[in-house]
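Below is one structure, written out as structure tokens; the observations come after it.
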Amino acid sequence: MSEHAAHRREKIRPFVSQAGGLLKALHALQDASPEHFLAPCDLKLVADVFDVPVAKVWGTATFYSLYSTTPRGRYIIRVCESAPCYVVGAMDILKTLEEKLHIKPGQTTDDGRFTLEVASCLGVCGVAPALMVDMHVHGNLTPDKLVSILDNYV
């Protein structure tokens, strides 16, 4: 086993005895990935450490939207498309992002900076329309506000 693989194994081993440990292990590995995703070797590592089938780990990683099994950009932009956000302009926000970033949902900018996604609900209906960049919520959006928001993630 390489030194890097041994380090990754030791990084997730403490999660085995914790409630929700499998989810925490997946987060730790994804956060450590330069391309912000869970590679097949990550899923196998978690399965080995937790002594569960790879299929269980795969099912978990593909069920939750905060995990990805494909490479993503440095910053993940999630536009809320819930009914409250939709009614007050979420699709205008999405369209503006598509135009400014030259990508569609599920795609990553050529420079690897941003990946654009849609989310069914971010749980911040009081500030609709809203989006998240990584774990930071931005609400009461207008297309004009997007420029200054994106400038914060250089």
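Give the number of residues within the range 55-107 that are touching a helix residue (DSSP H, G or I) at 6+ places or on another chain (Cβ under 8 Å) and of a type in the set (Phe, Trp, Tyr).
Summing the residues that are touching a helix residue (DSSP H, G or I) at 6+ places or on another chain (Cβ under 8 Å) and of a type in the set (Phe, Trp, Tyr) in the range 55-107 gives 3.
Taking helices (runs of 4 or more DSSP H) that do not extend beyond the range 1-120, which have at least 2 residues that are among the hydrophobic types (A, V, I, L, M, F, W, C) and surrounded by fewer than 18 Cβ atoms within 10 Å (Cβ to Cβ)? Please lay out each step first, then the result.
Details: elements: 3-12, 21-32, 40-50, 54-63, 83-87, 90-101.
By residue number, 3-12, 21-32, 40-50, 54-63, 83-87.
Return the pairs, sorted by first residue and then second, in which the second residue is surrounded by fewer than 14 Cβ atoms within 10 Å (Cβ to Cβ) and in a loop (DSSP other than H, G, I, E, B), the first residue lies in the range 128-154 and is in the same structural domain as residue 86 (by TED's automatic domain parsing), the beta carbons are less than 7 Å apart, and the residues are 6+ apart or on different chains.
none
Find all pairs meeting these conditions: Cβ atoms under 7 angstrom apart; at least six residues apart or on different chains; first residue within the range 46-62 and of a type in the set (Gly, Ala, Ser); second residue not in a helix (DSSP H, G or I).
Cβ pairs passing all conditions: 47/53; 61/38; 61/67; 61/69.
With respect to residue 101, is the statement that it is among the hydrophobic types (A, V, I, L, M, F, W, C), modelled with pLDDT of 95 or more and within 18 Å of residue 133 (Cβ to Cβ) true?
Criteria met by residue 101.
Which pairs have Cβ atoms under 9 Å, sit 6 or more apart or on different chains, and link a residue in the range 79-105 that is in the same structural domain as residue 134 (by TED's automatic domain parsing) to one that is of a type in the set (Asp, Glu) and assigned to a loop (DSSP other than H, G, I, E, B)?
What qualifies is 90/81; 91/81; 94/81; 102/110; 103/110.
The values are calculated or read from the model by the stated rules, or taken from the named source; none is laboratory data. Because the structure is a prediction, the values reported are computed rather than measured. Positions of Cβ are generated from backbone atoms using ideal geometry, with glycine treated the same way; all protein chains shown enter the neighbour counts.
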